[in-house]
C-alpha cells in the first residue's frame, strides 16, 4: 500500500477537493481494498488485501454524538444528497451520526458501502452504477 496516495486521497475527501470517483481511483492506485470510517474513534482505517493498514484521523470539529437509534431513511436521504448535490464529507458525517451511523465500511472491490449503528443495525448501499 502507498501511504502517500492514501493520505492524499483522505485529504482530498476531508477538504472536498476531489469528487468521490476520483478519490476511489487514488485509493485503488494506492493499493487500498477497503476502508472503515469509525465515527466513535474519529478516524478512517484504510486496508490493503495483505494485512497492512493506514489510519488517518477525521479532522472535523464539533461533530455530534452518534444517535442511539439507527434511522435508515435519514441515512439514505443523506447518501442521495451527497451523490446528487455534492455535499461535503464533513456535512455527510454530521448527518450520518445524527442518523445513528457509528461507522461504515467501504468495499472498493465489492463496490458497496455498509453502514452500521450502535445496536447492530445495518444498511448496504451499492456504488452508483454497480450491479447488485
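The values are calculated or read from the model by the stated rules, or taken from the named source; none is laboratory data. Worth saying up front: this structure is predicted, and the values here are computed from it rather than measured. Ideal geometry is used to build each Cβ from the backbone, glycine not excepted, and the neighbour counts take in all protein chains shown.
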Problem - Criterion (touching a strand residue (DSSP E or B) at 6+ places or on another chain (Cβ under 9 Å), over 20 Å from residue 41 (Cβ atoms) and buried (at least 16 other Cβ atoms within 10 Å of the Cβ)) met by exactly one of 75, 108 - result: 108
Handout entry: Residue check for residue 49: under 17 Å from residue 82 (Cα atoms) and surrounded by fewer than 18 Cβ atoms within 10 Å (Cβ to Cβ)
Key = no
Handout entry: Residue ranges of strands (runs of 3 or more DSSP E) in the stretch 1-112 with at least 3 members modelled with pLDDT of 95 or more, within 14 Å of the chain's Cα centre (by Cα) and over 16 Å from residue 127 (Cβ atoms)
Key = 43-47, 53-57, 101-107
Exercise for the section: Considering each of 37, 32, 23, 54 in turn, give the residue that is free of Cβ contacts under 8 Å to residues at least 24 places away in the same chain and buried (at least 16 other Cβ atoms within 10 Å of the Cβ). Expected result: 23
